[in-house]
1. Do the conditions hold for residue 88, that is, is it assigned to a strand (DSSP E or B) and either open to solvent by less than 50 Å² (accessible area, probe 1.4 Å) or out of contact with any helix residue (DSSP H, G or I) (no Cβ under 6 Å at 6 or more places or on another chain) (or both)?
2. Given (1) assigned to a loop (DSSP other than H, G, I, E, B); (2) crowded, with 16+ Cβ neighbours inside 10 Å, identify the lone condition not met by residue 93.
3. Is it the case, given these coordinates, that residue 73 is surrounded by fewer than 20 Cβ atoms within 10 Å (Cβ to Cβ), more than 16 Å from residue 38 (Cα to Cα) and not small (Gly, Ala, Ser)?
4. Of everything in segment 50-64 that's surrounded by 14 or more Cβ atoms within 10 Å (Cβ to Cβ) and not β-branched (Val, Ile, Thr), which residue is nearest to the chain's Cα centre (by Cα)?
5. I need the full set of residues from segment 23-54 which are under 18 Å from residue 81 (Cα atoms) and not hydroxyl-bearing (Ser, Thr, Tyr), in order please.
6. Within segment 100-111, is even one residue more than 15 Å from the chain's Cα centre (by Cα) and either at pLDDT 95 or above or open to solvent by less than 20 Å² (accessible area, probe 1.4 Å) (or both)?
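The values are calculated or read from the model by the stated rules, or taken from the named source; none is laboratory data. Values in this document were obtained by computation on a predicted structure and should not be read as measured data. Because the Cβ atoms are built from the backbone with ideal geometry, glycine has one as well, and the counts that use them run over all protein chains shown. These area figures cover heavy atoms from the full protein model, side chains too; ligands, DNA and RNA do not enter into them. Shrake-Rupley method; radii C 1.70, N 1.55, O 1.52, S 1.80 Å.
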Amino acid sequence: QVQLVESGGGLVQPGGSLRLSCAASGIMFRMYTMAWYRQAPGKQRELVASLTNGGNRNYADSVKGRFIISRDNAKNTVYLQTNSLKPEDTAVYYCQAVSLVGGTYWGQGTQVTVSS
């Protein structure tokens, strides 16, 4: 059974930081592209950052220079370091694992709220 479990969300003031984690089980983690998406109320889910099994990173323009995606294949975990947070970063953040052979899987999401 595949599971992606996010953690690390919460309430933070503008300018603050959070480190999101996504622990995967039931997949050959090192073979998957891992990504973070987010969905704000009333908006479509959007890609925030992705990291291929080869180490290639991609970021949404809105988070470039502020967010960093990384992975630890030994721990089957992907991280999203979020810095200089803005109120518009408020959303539910979802972890995704995808491979052409293995399919696509989602976590249940973790809430990030940026507010003073």
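1. No, not satisfied.
2. Only one criterion is unmet by residue 93, namely (1).
3. yes
4. 50
5. Answer for segment 23-54, where residues must be under 18 Å from residue 81 (Cα atoms) and not hydroxyl-bearing (Ser, Thr, Tyr): 23, 24, 34, 35, 36, 38, 39, 46, 47, 48, 49, 51.
6. Looking for residues that are more than 15 Å from the chain's Cα centre (by Cα) and either at pLDDT 95 or above or open to solvent by less than 20 Å² (accessible area, probe 1.4 Å) (or both), one finds none in segment 100-111, hence no.
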